[in-house]
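Visitor: Below you'll find the structure I mean.
Nothing in this text is a laboratory measurement; each read-out follows from the coordinates by a stated rule. Owing to the predicted nature of the structure, the values given are computational and were not obtained by experimental measurement. As a convention, Cβ positions derive from the backbone with ideal geometry for all residues, glycine included, and neighbour counts pool all protein chains shown.
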Amino acid sequence: MVIVKRKELSLAEKLYLPEVVRGLSVTFRKMFEKPITRQYPEEPLEKTEVTRGQPRLVVKEDDSIACVSCGLCEAACPAYAITIDGGETDRAIEREPKRFDIDMLRCILCGFCEEACPKDAIFMSDELELADYSREALIYNIEKLKRPQAALQQRIDYVKKINTRWQTPSST
């Protein structure tokens, strides 16, 4: 038979004083450190070229949409948030969307639509805020999605930079 000798606890240990003092010391130290909480409406989030916000359609300088309604972004969307109905135009060998909707309640801001687009017609903007009073208002139609190319230029340049970094220089 093995006899285990137990340590007798002091009064301080019985009252958990060492643990309480250690916990309070951490609390008091943290009280006087600079807070790291962002006060959101007053301090907006920083936006850089890497910021992946809501998707937007590029409007070229001649006020036409760069999209040719090929449907690749619709097929690439894992959340099935994009709906495109294409139509013919009077321009030669081109189509344009008659309907282009993105259900922002379903959109997961993954950027797959941006990667799938062969015409560089859809890019992730730096617009992050998404709030409204009804579900219908969060289904963005073609008019809500249009942005001039200049407004998206920082993101367009970034995407081109990351897509060309793996290409080898062509030998002449």
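Visitor: Assign unit charges at the C-beta atoms only (+1 for Lys and Arg, -1 for Asp and Glu), then state the dipole size of the chain relative to its Cα centre in Debye, rounded to the nearest 20.
Guide: 1300
Visitor: List the Cys residues of the chain that have no partner Cys with a C-beta closer than 4.7 Å.
Guide: Lone cysteines by the Cβ rule: 67, 70, 77, 107, 110, 117.
Visitor: If exposed means no more than 12 neighbouring beta carbons inside 10 Å and the site is in a DSSP loop, what's the longest run of the chain without any exposed trypsin sites (Lys or Arg not before Pro)?
Guide: So the longest stretch without any such site is 92-134.
Visitor: Still on this structure: Going down the table (60/144; 98/161; 60/98), which pairs top 25 Å between alpha carbons?
Guide: 98/161
Visitor: Are there any chymotrypsin sites (Phe, Trp or Tyr not before Pro) in the stretch 79-172 that are in a DSSP loop and have at most 15 other Cβ atoms within 10 Å? List them by number.
Guide: In loop regions of the stretch 79-172 (DSSP not H, G, I, E or B), the sparsely surrounded chymotrypsin sites (Phe, Trp or Tyr not before Pro) are 80, 133, 166.
Visitor: Cα to Cα, under 28 Å, and not fewer than 8 places away if on the same chain: which lysines meet these conditions relative to residue 34?
Guide: Within reach: 47.
Visitor: Share of Cα-Cα pairs in the stretch 85-159 beyond 18 Å, in percent?
Guide: 49
Visitor: Using alpha-carbon pairs under 8 Å, 6+ residues apart, how would you state the relative contact order of the chain in percent?
Guide: 24
Visitor: Moving on to the next point. Name the residue from 50, 20, 37 whose Cα lies farthest towards the positive end of the charge dipole of the chain, charges +1 on Cβ of Lys and Arg and -1 on Cβ of Asp and Glu.
Guide: Of the listed residues, the answer is 20.
Visitor: Among all the lysines, which ones have a C-alpha under 21 Å from residue 14's C-alpha, if same-chain residues fewer than 8 places away are not counted?
Guide: 5
Visitor: Write out the GluC sites (Glu not before Pro) in the stretch 66-172 meeting two conditions: DSSP loop, and at most 16 other Cβ atoms within 10 Å of their Cβ.
Guide: When the GluC sites (Glu not before Pro) of the stretch 66-172 are filtered for loop state and at most 16 Cβ neighbours within 10 Å, 94, 127, 129 remain.
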